[in-house]
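Q: There's a structure below that I have some questions on.
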Amino acid sequence: MKALLPNVWEWSWFSEEKQLNFNGHLLTVGEHRILVDPPPMSVGDRGSAQRGGPVDYIIVTNRDHEREAAQLREEFHCTVIVPELDAAEMSLTPDKICKDGELLPGGIWVIQLTDQKSQGESALFLETGKGILIVGDAIIGHPEGSLRLLPSEKYADSDKARESLRRLLKYNFDCLLVGDGSSIVTGAKPMVEQLLAQA
């Protein structure tokens, strides 16, 4: 588990199928310790996750990112939060669902994105520092140091999917934490602007 920013850590599990990292993030926000989209954890990562105190919440950004959430909920005795519109399509039963515009523990805002791969695809925004945006499948950090969208066949309408993501530009963020690929620690917003400006 590596520190990306103060109180923000990332661990990764390499997907042979996708040929990129699946990332999980640990956030310490106020009195809360929160995992986002957790992939498999090594013994060392598990120890790191609990070093500063118990994990309170696991937040899942979409139906395909439940990953190890059920197993880690049992291990850490924490609450799992998932997007309302994806909850019925998940194999786990969430403890809580979240909706667009909701403020979650730790001051995390939910941004529901329309026309994505799944109905419930949601980004998360924290105003801490220069602003942190967390995405699941909405934006992929690949190759390293650059951003891309999912292949067009993953969407019902790729133009609508891209347009929907412009909503993210209303938020002031410098860091982009991605569920898949490589996160952008600083200078992320201009990169997202450039990505969404492409035809």
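The values are calculated or read from the model by the stated rules, or taken from the named source; none is laboratory data. The structure presented is a predicted model; accordingly, all values stated were derived computationally and were not measured. So basically every Cβ, Gly included, is an ideal-geometry build from the backbone, and we count neighbours across all protein chains shown.
Q: Name the residues in the stretch 1-10 that are assigned to a strand (DSSP E or B), free of Cβ contacts under 8 Å to residues at least 60 places away in the same chain and buried (at least 18 other Cβ atoms within 10 Å of the Cβ), would you? Spell out the reasoning first.
A: Taking the stretch 1-10 as the starting set, the residues that turn out to be assigned to a strand (DSSP E or B) are 2-5, 8-10.
The next check asks that each one be free of Cβ contacts under 8 Å to residues at least 60 places away in the same chain; those that pass are 2-3, 9.
If the condition is that a residue be assigned to a strand (DSSP E or B), free of Cβ contacts under 8 Å to residues at least 60 places away in the same chain and buried (at least 18 other Cβ atoms within 10 Å of the Cβ), then Trp9 is the only one that fits.
Q: Something else now. Can you tell me which residue among Ile111, Ile97, Ile139 is more than 15 Å from the chain's Cα centre (by Cα) and modelled with pLDDT of 95 or more? Before you say what the answer is, go through the steps one by one.
A: Details: Ile111 fails: more than 15 Å from the chain's Cα centre (by Cα); Ile139 fails: more than 15 Å from the chain's Cα centre (by Cα).
Of the residues listed, the single one that is more than 15 Å from the chain's Cα centre (by Cα) and modelled with pLDDT of 95 or more is Ile97.
Q: Hand me the list of strands (runs of 3 or more DSSP E) wholly inside the stretch 114-184 holding 2 or more residues that are out of contact with any Leu (no Cβ under 6 Å at 6 or more places or on another chain), touching a residue at least 40 places away in the same chain (Cβ under 8 Å) and closer than 26 Å to Pro94 by Cα. Walk me through it before giving the result.
A: Working: elements: 122-126, 132-135, 175-178.
Answer list for the stretch 114-184: 122-126, 175-178.
Q: Also, quick follow-up: I need every pair where a residue in the stretch 88-100 that is of a type in the set (S, T, N, Q) has its Cβ under 9 Å from the Cβ of a residue that is surrounded by 15 or more Cβ atoms within 10 Å (Cβ to Cβ), sequence separation at least 6 or different chains.
A: Filtered contacts from the stretch 88-100: Ser91/Glu66; Ser91/Ala70; Thr93/Ala70; Thr93/Val80; Thr93/Ala87.
Q: On to the next question. Only one of (1) at pLDDT 95 or above; (2) farther than 16 Å from Glu121 by Cα fails for Gly53. Which number is that?
A: Among (1) at pLDDT 95 or above; (2) farther than 16 Å from Glu121 by Cα, the lone unmet condition for Gly53 is (1).
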